[in-house]
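*Asks:* Here it is, the structure in full.
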Amino acid sequence: PAWELFKEVIDELEKKQNDFKTIVVDLLEDTYEHCRAYEYEKLGVDHESDAGFGKGYDIIRKEFLDQIKRLTNLDYENIILISHEDASKNITNKGGSSLTTIRPNIQEKLASKIAGMVDIVGRVVADGENRVLSFKSNELVFGGGRLNVKGKDIPLDYAELMKVYEEANKSV
């Protein structure tokens, strides 16, 4: 199963018997689904709710976050977690207007926990041919990370990202 393979890969990465600089998980939500399927089989259920009040959800969330924590604690230059965005949730403001939220395509509790494990949360924004990496966040746009990078858009360029990262590390 894919989840067991994911855990084995982390085991191998922990040994540092390679010359990798960057580790990428693409897509985070697919990884979560593999974890769910793995735990369903272990629990002998078809859905989290079949395991009793909250039990299945807690078991899956803990297993997933434990492994993501192992991954984000690895000693590599870059660990990149990629998620599609979810813009399907609308909220209504005080004036009655409907506003769309933009979040990672993973459960809100998981996204918030993972944001606390990573240095920077960025979002690729494409407008035709123009693409930027945005670190803007507010009540509608998800953001976070351990380093303080806010309100900034940069060209989608590795060197520009490294400048942002170095600048953010100076203020720590």
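*Asks:* Among 112, 60, 78, whose Cα projects farthest towards the positive end of the dipole of the chain, with charges put on the beta-carbon of Lys, Arg (+1) and Asp, Glu (-1)?
*Replies:* Of the candidates, 112 comes out farthest on the positive side.
*Asks:* Label-point separation (nm) for residue 66 and residue 19, each offset 7 Å from Cα along Cα-to-Cβ?
*Replies:* 3.5 nm
*Asks:* Ok, one more. Mind checking which lysines have their Cα closer than 19 Å to the Cα of residue 62? Skip sequence neighbours fewer than 8 apart in that chain.
*Replies:* 7, 42, 109, 113
*Asks:* Can you tally the net charge around residue 140? Count Lys and Arg as +1, Asp and Glu as -1, for every other residue whose Cβ sits under 15 Å from the Cβ of residue 140. Don't skip to the end; give the middle numbers.
*Replies:* On the way: positive: 89, 94, 103, 123, 136, 150; negative: 85, 86, 108, 139.
Overall, the nearby charge balance is +2.
*Asks:* When ligands, DNA and RNA are left out and all protein chains stay put, how many square angstrom of accessible area per residue does segment 54-172 have with a 1.4 Å probe? Before the final figure, lay out the partial values.
*Replies:* Working: 7480 Å² over 119 residues.
I get 63 Å² per residue for segment 54-172.
*Asks:* Give the cross-link partners of residue 150 among the lysines, using a straight C-alpha distance below 16 Å as the criterion and excluding same-chain residues fewer than 8 apart.
*Replies:* Those lysines meeting the cut-off are 136, 163, 170.
*Asks:* Let me ask something else. Calculated from DSSP H runs of 4 or more alone, at -39500 (n - 2.57) each and per residue, what is the 222 nm mean residue ellipticity of the chain, nearest 500? Mind dumping the intermediate values first?
*Replies:* Working: 5 runs with 68 residues, N = 172.
Rounded to the nearest 500, it is -12500 deg cm²/dmol.
*Asks:* Further, regarding this structure: Expressed in nm to one decimal, what extension gain is obtained for the pair residue 119 and residue 50 from 0.36 nm per residue of sequence separation less their Cα-Cα distance? Could you put the intermediate results ahead of the total?
*Replies:* Working: separation 69, 0.36 × 69 = 24.84 nm, distance 3.59 nm.
Net length gain for the segment: 21.2 nm.
*Asks:* For the chain, give the percent of accessible area contributed by carbon and sulfur heavy atoms, probe 1.4 Å, rounded to a whole number. Could the numbers behind the result be given before it?
*Replies:* On the way: 5350 of 10960 Å².
Accessible surface attributable to carbon and sulfur in the chain totals 49 percent.
*Asks:* Hey, another quick one. Would you work out the relative contact order for the chain, in percent, from Cα pairs under 8 angstrom that are 6 or more residues apart?
*Replies:* 16 percent
*Asks:* Report the local net charge at residue 76: Lys and Arg +1, Asp and Glu -1, summed over other residues whose C-beta lies under 10 Å from its C-beta.
*Replies:* Values: positive: 16, 21; negative: 75, 77.
So the surrounding residues net to 0.
*Asks:* A follow-up question, please. Want the number for residue 157 to residue 34: 0.36 nm per residue separation, take away the alpha-carbon distance, what's left? Could you put the intermediate results ahead of the total?
*Replies:* On the way: separation 123, 0.36 × 123 = 44.28 nm, distance 3.12 nm.
Extra length from residue 157 to residue 34 when fully extended: 41.2 nm.
*Asks:* Quick query: amide H of residue 137 versus all other amide H atoms, modeled in the peptide plane; which residues come in under 5 Å with a sequence gap of 5 or more or a different chain?
*Replies:* 151
*Asks:* Give me the net charge of residue 157's neighbourhood, meaning all other residues with Cβ under 11 Å from the Cβ of residue 157; Lys, Arg count +1, Asp, Glu -1.
*Replies:* On the way: positive: 131, 163; negative: 160.
Here the charged neighbours net out to +1.
The values are calculated or read from the model by the stated rules, or taken from the named source; none is laboratory data. All figures in this text were calculated on a predicted structure; none of them were measured in a lab. So basically every Cβ, Gly included, is an ideal-geometry build from the backbone, and we count neighbours across all protein chains shown. SASA here: full protein model, heavy atoms, side chains in, ligands and nucleic acids out. Shrake-Rupley method; radii C 1.70, N 1.55, O 1.52, S 1.80 Å.
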